[in-house]
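The values are calculated or read from the model by the stated rules, or taken from the named source; none is laboratory data. Here the structure is a predicted model, which is why all the values come from computation and not from measurement. Methodologically, a virtual Cβ is constructed for each residue, glycine included, from the backbone with ideal geometry; neighbour enumeration extends over all protein chains shown. Note: accessible area is taken over every heavy atom of the protein model, side chains too, but ligands, DNA and RNA are not part of it. Shrake-Rupley method; radii C 1.70, N 1.55, O 1.52, S 1.80 Å.
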Amino acid sequence: MARFHRLRVAAVDRLTDDSVALTLTVPPHLREEYRYAPGQHLALRRSADGEEIRRTYSICSPAPDGEAPSTLRVGVRLVEGGAFSTYALKEIDLGDELEVMTPAGRFTLPPAPGRYAAVVGGSGITPVLSIVSTLLAREPEARFCLIRSDRTAASTMFLEEVADLKDRYPERFQLVTVLSREEQQAGLPSGRLDQERLAGLLPALLPVEQVDGWFLCGPYGLVEGAERALRGLGVARSRIHQEIFHVDAGTASVTTAPAPAHSTVTARLDGRGGTWPVRAGESLLDTVLRNRSDAPYACKGGVCGTCRAFLVAGEVRMERNYALESEETEAGYVLACQSRPVTETVELDFDR
Ligand code: FES
């Protein structure tokens with residue numbers, strides 16, 4: 001069950017002009033709760049002007065082997081006008097306490113031998129850095145190919161950390177950097193990484209059919225383009241994992257289904273249940289939140305997956321889903337923040 005605790009900031013490292021890495025100390029009695037899989041994220045919460053703001057940030061540090069973590073490091077990039085990232089870059093200081101949710105997210109790779117690859121854009125490197133560094137340290141038989149794109153070298157997050165991996169694992173780690181706004185040395189690609197570019201580039205870099213898992217992370221356009229390129233190259237959907245960092249408002253496809261005039265949601269959360277009427281226009285998460293302030297969520301935008309719940313009974317319509325894999329939706333999971341009732345009664349289980 002997701003919970004918030006106050007954790008102290010142990011370090012603030014400026015990565016680029018518009019990004020920082022925050023290191024948080026986990027006191028011994030909370031360490032088990034913050035055990036994480038490489039690729040997971042943390043939601044941070046604060047109140048500003050009487051409103052609660054939550055944002056999720058991916059953990060960039062490798063997951064400790066066996067031990068529970070004593071620190072957590074996340075990457076934060078400034079989003080223009082972003083209420084949390086502006087605060088993180090301009091105000092958060094050493095010794096501050098932040099409200100931090102326990103780790104969540106299923107964009108993960110438990111270390112296993114094999115060949116893996118990632119296509120990332122901008123701050124999409126953050127979870128993948130944790131995935132690669134954990135994998136290469138723990139699995140001597142694993143190989144990883146990272147294709148990353150950014151605007152310029154100066155705007156690239158975790159440049160040094162990624163270069164260190166290249167030095168440490170020259171045989172098993174392959175790195176390709178594509179800069180969209182900067183000329184590179186001869187022979188290195190530049191420009192935008194879109195579906196067409198990737199469809200040509202990927203087979204030249206590695207034996208695509210031998211890759212056990214693909215990890216796509218970054219803005220919607222890049223992730224979508226990379227997925228289409230991979231599907232075009234014959235890669236099975238089950239080998240592609242994706243996490244989207246930004247979705248423009250216009251990209252949502254809203255399906256309309258008749259909504260019942262009156263409906264109720266029954267939800268089970270942390271072992272306790274309740275049944276409440278759904279108000280017109282609100283999502284099932286909002287209904288539950290009005291009655292149970294501990295309902296889990298972070299983005300309310302269908303992106304982070306924190307509000308995932310199992311649909312026990314009834315039918316819902318999801319407005320958008322950039323978080324759940326198709327196996328999860330087929331198994332009956334929904335995003336509560338995107339779900340509206342189609343049947344008069346709906347039952348959700350947040351504990352499954
Ligand atoms: S709260 Fe992020 S997907 Fe629902």
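Points to keep in mind about this one:
- FRET efficiency for the pair Arg115 and Ser70, taken as 1/(1 + (r/R0)^6) with r the Cβ-Cβ distance and R0 = 22 Å, rounds to 0.10.
- Ordered by 1.4 Å accessible area with all protein chains kept, Phe350, Phe245 run largest first as Phe245, Phe350.
- Measuring spread by the Cα atoms of the chain yields a radius of gyration and Dmax of 20.6, 65 Å.
- Size descriptors for the stretch 285-352: radius of gyration and Dmax over Cα atoms are 10.9, 30 Å.
- Carbon/sulfur fraction of accessible area - the chain, other protein chains in place, 1.4 Å, %: 46
- Of all DSSP beta bridges in the chain, antiparallel share, percent nearest 5: 60
- Separation in nanometres of the label points that stand 7 Å from Cα toward Cβ, at Gln174 and Leu233: 0.9
- Residues in the stretch 16-31 reached by a label modelled at Thr86 [backbone nitrogen below 19 Å; 7 Å Cα→Cβ]: 17-20
- Excluding ligands, DNA and RNA, the accessible surface per residue across the stretch 264-349 is 41 Å² with a 1.4 Å probe.
- Magnitude of the charge dipole, the stretch 264-349, Cβ model with Lys/Arg +1 and Asp/Glu -1, debye to 20: 380
- Judged by the mean number of other Cβ atoms found within 10 Å, the most tightly packed of the peptides 267-273, 119-125 leads the ranking 119-125, 267-273.
- Modelled FRET efficiency - R0 41 Å, Arg8 with Trp276, Cβ distances, 0.05 increments: 0.65
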